[in-house]
Protein chains: 4
Amino acid sequence: MSKTTLRPQPADSSPLAPPWTVESWLNHSGQLTLDQLRGRVVVLHAFQMLCPGCVAHGIPQAQRVRGAFAESEVAVIGLHTVFEHHEAMRPVSLRAFLHEYRVDFPVGIDAPGSDSPIPRTMQAYGMRGTPTLILIDRAGRVRLHAFGRPEDMVVGAAIATLVAEGSQELATAAADDGMQGGAACDADGCKP
Amino acid sequence: MSKTTLRPQPADSSPLAPPWTVESWLNHSGQLTLDQLRGRVVVLHAFQMLCPGCVAHGIPQAQRVRGAFAESEVAVIGLHTVFEHHEAMRPVSLRAFLHEYRVDFPVGIDAPGSDSPIPRTMQAYGMRGTPTLILIDRAGRVRLHAFGRPEDMVVGAAIATLVAEGSQELATAAADDGMQGGAACDADGCKP
Amino acid sequence: MSKTTLRPQPADSSPLAPPWTVESWLNHSGQLTLDQLRGRVVVLHAFQMLCPGCVAHGIPQAQRVRGAFAESEVAVIGLHTVFEHHEAMRPVSLRAFLHEYRVDFPVGIDAPGSDSPIPRTMQAYGMRGTPTLILIDRAGRVRLHAFGRPEDMVVGAAIATLVAEGSQELATAAADDGMQGGAACDADGCKP
Amino acid sequence: MSKTTLRPQPADSSPLAPPWTVESWLNHSGQLTLDQLRGRVVVLHAFQMLCPGCVAHGIPQAQRVRGAFAESEVAVIGLHTVFEHHEAMRPVSLRAFLHEYRVDFPVGIDAPGSDSPIPRTMQAYGMRGTPTLILIDRAGRVRLHAFGRPEDMVVGAAIATLVAEGSQELATAAADDGMQGGAACDADGCKP
């Protein structure tokens with residue numbers, strides 16, 4: 001599922017995004033699920049607060065995405081995917097980090113893996129590390145998965161391409177969803 | 001015609017782009033006209049080689065546009081709009097500049113104004129200065145006009161939005177063009 | 001004591017640096033005191049691991065200082081002066097931070113204040129916040145105290161100026177020290 | 001004479017700086033010679049106005065030097081050493097360039113070479129290209145010669161080291177000068 005491509009993949013060959021297994025949310029009250037965001041493009045930014053590339057590049061880029069697109073069209077969601085130094089990045093530290101860096105979009109804390117240092121949503125999406133940027137289209141399909149530092153120009157273009165897929169495509173896609181079935185994806189992975 | 005907006009304006013309220021009045025072309029043999037580019041999105045980057053904001057921001061951004069989009073979909077065109085220090089920025093200097101900065105997209109030298117230091121295409125588009133970025137859609141309409149330093153994220157998104165307007169819109173627009181008439185725009189300006 | 005100046009103050013009007021009250025050291029075994037460093041220029045970089053200005057500017061600058069000067073002439077010492085979000089920046093988090101950001105110079109954890117969120121060394125030096133850069137000359141006097149983001153050019157120049165004060169000045173200064181007396185400085189402040 | 005070192009070389013093994021062979025000066029009326037600057041540290045910044053590394057790094061660095069040191073101690077001098085695209089970088093273009101980039105320190109136009117595209121002062125100093133930074137001490141000796149992009153931290157430190165060499169060293173050096181003789185250097189090179 002998780003090829004690194006810098007243009008959105010075709011909709012019909014893209015898997016449904018696995019659900020998120022999140023321990024708790026910051027900057028958001030209650031739960032937040034992909035289903036709730038259906039109809040909008042979702043920009044999922046996976047990071048660790050002590051990952052230098054995330055702090056210098058990934059998070060500022062996510063903040064620029066937030067500034068460049070309307071919230072009614074594009075949801076920006078952070079995911080704290082701690083896979084090392086777990087004791088160093090507890091929720092109390094993350095909370096202060098978000099405050100100091102003025103991150104105000106919702107951030108989910110990825111649930112710990114049962115037999116692995118890799119947290120569960122990170123596993124489900126097959127992420128290679130942090131920062132990882134994942135674009136999910138209006139119909140809930142993973143259309144782009146990028147590890148590292150994609151350029152703003154490319155990210156802005158990819159998001160706008162998905163935004164431009166309007167209600168018509170959405171209707172078609174919703175029908176497809178019914179055929180593919182959400183059940184094919186669980187927290188451990190997504191099988192088409 | 002030349003409002004500074006950072007999202008493409010609606011197609012039906014956008015004027016046709018005035019033709020270019022170019023003295024000579026670099027990085028391109030023969031003439032280059034908007035008509036030849038019809039069907040592609042045109043990214044027109046107006047600059048002066050001794051404008052610090054152009055050198056530090058505008059030209060590198062145009063180069064990133066070139067790298068981020070397919071040439072079959074997006075044409076990147078430079079326009080050297082000298083409105084001051086004319087003797088300092090003659091074609092021989094521009095040619096060396098393009099070589100040293102590795103600019104390899106076509107660059108037109110805007111034709112001098114008859115009674116004004118402002119060159120003719122710059123006048124026709126109502127540009128306020130340099131750098132100016134103008135996005136022209138597949139049907140030849142000016143959809144975005146930005147003076148200064150728009151963010152890469154926003155520029156990438158705007159271009160992709162126009163790219164996403166496919167052949168269907170193009171067909172409709174071509175019909176509209178017939179109604180609006182290209183005659184409304186001449187080299188001195190464009191009157192809706 | 002703590003004026004923000006960007007050139008070293010004259011030696012004869014500069015106070016002795018207060019001793020450091022450090023809970024524990026990272027990247028160094030055992031204690032580390034100003035007395036041990038006498039004869040070298042000391043670059044003291046006070047920071048908090050969740051302070052964006054420290055991460056983006058202060059710490060990279062301290063690392064460039066480390067690279068630009070010989071260790072035999074210049075000691076670069078970090079001081080973790082946590083005055084907010086104390087629970088978020090415990091030693092376990094700091095340790096991971098130093099690892100991830102590849103900080104390998106010694107870092108002392110400033111001892112908590114007794115009746116104040118401000119830690120003790122931070123109080124003693126009258127620091128206004130983080131990042132703070134303090135330059136201490138070969139004779140142990142505070143010669144520059146800068147809050148915020150001084151330019152590399154200025155910082156490099158100031159350190160080199162102190163390095164250039166060789167053994168002769170040191171000898172004179174040592175005699176002066178005897179007259180001024182280290183006792184005038186304690187952990188709560190320094191009174192000339 | 002022209003080793004690339006990032007710390008000032010010892011005074012006693014450093015050659016006298018060759019005189020400058022300058023066609024004309026901008027930002028300065030009349031001639032400007034090294035003799036006139038004796039007693040101050042001279043920061044000589046050689047550049048070409050169409051050299052991207054000069055525009056992005058060298059010139060802004062020279063401007064930061066100008067801001068960081070007192071004019072009474074440090075002279076910042078530009079040298080336009082055109083060795084390619086001669087027609088593209090005529091004085092009229094350079095003048096506009098200096099205006100647009102707000103360069104206000106004196107800039108000399110290096111005199112053309114007789115049988116070479118390399119101008120005469122560039123030859124005399126054995127410069128490898130642009131940007132080149134040369135530091136000349138209070139006694140007129142070349143103490144540092146750096147091609148490319150030395151860090152601000154290192155440049156600031158090197159200049160301050162030379163500034164710290166006060167009147168005493170200057171007196172000694174002046175005596176040395178008498179022995180070495182300025183005649184050993186002419187416009188084509190410097191022979192110890």
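The values are calculated or read from the model by the stated rules, or taken from the named source; none is laboratory data. Just so it is clear, the model here is predicted, and its values are computed rather than measured. Because the Cβ atoms are built from the backbone with ideal geometry, glycine has one as well, and the counts that use them run over all protein chains shown. Surface areas here come from the heavy atoms of the whole protein model, side chains and all, with no ligands, DNA or RNA. Shrake-Rupley method; radii C 1.70, N 1.55, O 1.52, S 1.80 Å.
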Any residue at all in the range C:2-23 that's over 23 Å from C:Arg138 (Cβ atoms), among the small types (Gly, Ala, Ser), open to solvent by less than 10 Å² (accessible area, probe 1.4 Å) and touching a Lys or Arg at 6+ places or on another chain (Cβ under 8 Å)? no
Can you tell me which residue is nearest to A:Val155 (Cα to Cα) among those in the range B:53-98 that are within 19 Å of the chain's Cα centre (by Cα) and free of Cβ contacts under 8 Å to residues at least 12 places away in the same chain? B:Gly67
Answer yes or no as to whether C:Thr161 is within 12 Å of another protein chain (Cβ to nearest Cβ), buried (at least 24 other Cβ atoms within 10 Å of the Cβ) and of a type in the set (S, T, N, Q). no
Do we find that D:Asp152 is touching an Asp or Glu at 6+ places or on another chain (Cβ under 6 Å) and at pLDDT 95 or above in this structure? yes
What's the total number of residues in the range B:56-69 that are under 19 Å from B:Arg128 (Cβ atoms), open to solvent by less than 20 Å² (accessible area, probe 1.4 Å) and among the hydrophobic types (A, V, I, L, M, F, W, C)? 2
Scope the range B:101-116; condition open to solvent by 40 Å² or more (accessible area, probe 1.4 Å), among the charged types (D, E, K, R) and away from chain D (no Cβ under 12 Å); matching residues: B:Asp104, B:Asp115
Please enumerate the residues belonging to the range A:132-155 that are open to solvent by less than 10 Å² (accessible area, probe 1.4 Å) and either of a type in the set (A, V, I, L, M) or in contact with a Gly (Cβ under 7 Å, 6 or more places away or on another chain) (or both). A:Ile134, A:Leu135, A:Ile136, A:Ala139, A:Val142, A:Leu144, A:Ala146, A:Met153, A:Val155
So how many residues does the range C:136-158 have that are within 14 Å of chain D (Cβ to nearest Cβ) and under 18 Å from C:Val22 (Cα atoms)? 0
Just checking, how many residues over the range D:49-66 are in a loop (DSSP other than H, G, I, E, B) and out of contact with any Leu (no Cβ under 6 Å at 6 or more places or on another chain)? 2
Residue count, the range C:4-48, condition more than 15 Å from the chain's Cα centre (by Cα), part of a strand (DSSP E or B) and among the hydroxyl-bearing types (Ser, Thr, Tyr), comes to 1
If A:Val76 meets every condition in (1) open to solvent by 10 Å² or more (accessible area, probe 1.4 Å); (2) part of a strand (DSSP E or B); (3) not aromatic (Phe, Trp, Tyr) apart from one, which number is that one? (1)
Here's a check for you: in the range D:63-100, which residue that is closer than 30 Å to C:Arg7 by Cβ and among the acidic types (Asp, Glu) is nearest to the other protein chains (Cβ to nearest Cβ)? D:Glu73
Count, please, the residues in the range C:46-55 that happen to be open to solvent by less than 10 Å² (accessible area, probe 1.4 Å) and either basic (Lys, Arg) or at the interface with chain A (Cβ under 7 Å from one of its Cβ atoms) (or both). 1
